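Below is one structure, written out as structure tokens; the observations come after it.
The values are calculated or read from the model by the stated rules, or taken from the named source; none is laboratory data. For clarity, every value in this text was computed on a predicted model and none was experimentally measured. So basically every Cβ, Gly included, is an ideal-geometry build from the backbone, and we count neighbours across all protein chains shown. Note: accessible area is taken over every heavy atom of the protein model, side chains too, but ligands, DNA and RNA are not part of it. Shrake-Rupley method; radii C 1.70, N 1.55, O 1.52, S 1.80 Å.
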Amino acid sequence: MTTACGGPSAREQIKVVGSSTVYPFTTAVAERFVNADPGRRAPVIESTGTGAGFNLFCAGVGSQYPDIQNASRRIKKSEFEQCAGNGVRDMIEVQVGADGLAIAESVNGPRMTLTRGQLYSALAAKIDGKPNPHRFWADVDPSLPRIPIKVLGPPTTSGTRDSFNELMMEPGCVAAFPDMEKLKKSPDKDAFKNACVRIRDDGAYIDSGENDNLIVQKLAADPNAIGIFGYSFLEANLTRVRGVPIDGIVPTYETVANAKYPGARPLFIYVKKQHMRAVPGMAEFLATYVQSWEADGPLVRKGMIASPAPVRAAAARAVAEQTVLTPEGLK
């Protein structure tokens, strides 16, 4: 076998990197892929986080580079350009389903109910240009319990962290400070990001790595803490943790599927078209993915939110036709 670059191949199995949220779904697909033909080599799947995964995925074409990237957010323009600059010019974007960015607490917790404005006020590095003075939730809002702000969440390399910034911190910033809407629309995007997305580093927010199960375990041990992770991990651990309502909406399958929950987000995989013929089983693996994401399919039983039927149909076409993502399509 040869690689996409024409040289000898160093491996005979599919290599996947990226999102910890998408990891269990791609792992489930890999199990079905191998069970269908025991002669197949099991794909190697690493949970690196979305950002770190794109760095690996976009580093080049050939057997030393990943074939597929799991992503809990859409690829950024800068990452697309990084890929193109390293020869990854034929990339297939596939929305495999949806997920909710769950805010959760222990079942023994204080039964928190939060708004995005309160989340922002609790976690922003600066409030109105000054270091965040809030130490207790009651400092944010007297209606909240007087317990220390302690939020366990993903690192900066995680797509879940990017989603939290986009879906919670940015709207929360504008809700708390309406004047920020003007800054958001201004050409100075960095100023808005610095004001609204930068999270405090004084211990109130605890970087808990890419292992969402570890956050669940820590919440079970600390009833006063709050965690941030993918909805599928909430659904899988309802005896230990419960979803915190955000803006009055509880994270459930239905509220995520109909996008009423503020943390609803799409999930993706990205595939190097240049590797489709070079790596054995790529077409069959993607076909297994398509067969697994139906509304009554195995991925939904594992906690994924099925995409609406038109989205699933479009994703299936992208796989069948190996449709390449273009700069225009990214807008």
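Return the residues of the stretch 88-124 that are assigned to a loop (DSSP other than H, G, I, E, B) and open to solvent by less than 20 Å² (accessible area, probe 1.4 Å); say none if nothing qualifies. Answer for the stretch 88-124, where residues must be assigned to a loop (DSSP other than H, G, I, E, B) and open to solvent by less than 20 Å² (accessible area, probe 1.4 Å): V88, G109, M112.
What's the number of the condition T160 fails, among (1) crowded, with 22+ Cβ neighbours inside 10 Å; (2) of a type in the set (S, T, Y); (3) more than 22 Å from G243 (Cα to Cα)? Of the numbered conditions (1) crowded, with 22+ Cβ neighbours inside 10 Å; (2) of a type in the set (S, T, Y); (3) more than 22 Å from G243 (Cα to Cα), the odd one out for T160 is (3).
Residues considered: L167, L219, L214. Of these, the only one that is farther than 17 Å from I127 by Cβ, in a helix (DSSP H, G or I), touching a Pro at 6+ places or on another chain (Cβ under 7 Å) and among the aliphatic types (A, V, I, L, M) is L167. Just one of the listed residues (N70, N35) is of a type outside the set (G, A, S), outside any loop (DSSP other than H, G, I, E, B) and open to solvent by 60 Å² or more (accessible area, probe 1.4 Å), and it is N35.
List the number of the failed condition for F192; all other conditions in (1) under 18 Å from M168 (Cβ atoms); (2) among the hydrophobic types (A, V, I, L, M, F, W, C); (3) touching a residue at least 24 places away in the same chain (Cβ under 8 Å) hold. Status for F192: all satisfied but (3). Restricting attention to the stretch 43-64, the residues that are open to solvent by 60 Å² or more (accessible area, probe 1.4 Å) and assigned to a loop (DSSP other than H, G, I, E, B) total 2. Return yes or no: is D141 modelled with pLDDT of 95 or more and surrounded by fewer than 18 Cβ atoms within 10 Å (Cβ to Cβ)? Spelling it out, D141 is indeed modelled with pLDDT of 95 or more and surrounded by fewer than 18 Cβ atoms within 10 Å (Cβ to Cβ).
Scanning the stretch 296-313 for residues that are open to solvent by less than 60 Å² (accessible area, probe 1.4 Å), modelled with pLDDT of 90 or more and not in a helix (DSSP H, G or I), which turns out farthest from V256 (Cα to Cα)? So, considering only residues that are open to solvent by less than 60 Å² (accessible area, probe 1.4 Å), modelled with pLDDT of 90 or more and not in a helix (DSSP H, G or I), the one farthest from V256 (Cα to Cα) is G297. So in the stretch 185-241, with the set limited to residues that are among the β-branched types (V, I, T) and open to solvent by 40 Å² or more (accessible area, probe 1.4 Å), which one is nearest to R73 (Cα to Cα)? By that ranking, first place goes to I206. Given the criteria modelled with pLDDT under 90 and not β-branched (V, I, T), does E170 qualify? The answer is no for E170. The number of residues in the stretch 250-267 being buried (at least 20 other Cβ atoms within 10 Å of the Cβ) and touching a helix residue (DSSP H, G or I) at 6+ places or on another chain (Cβ under 9 Å) comes to 8.
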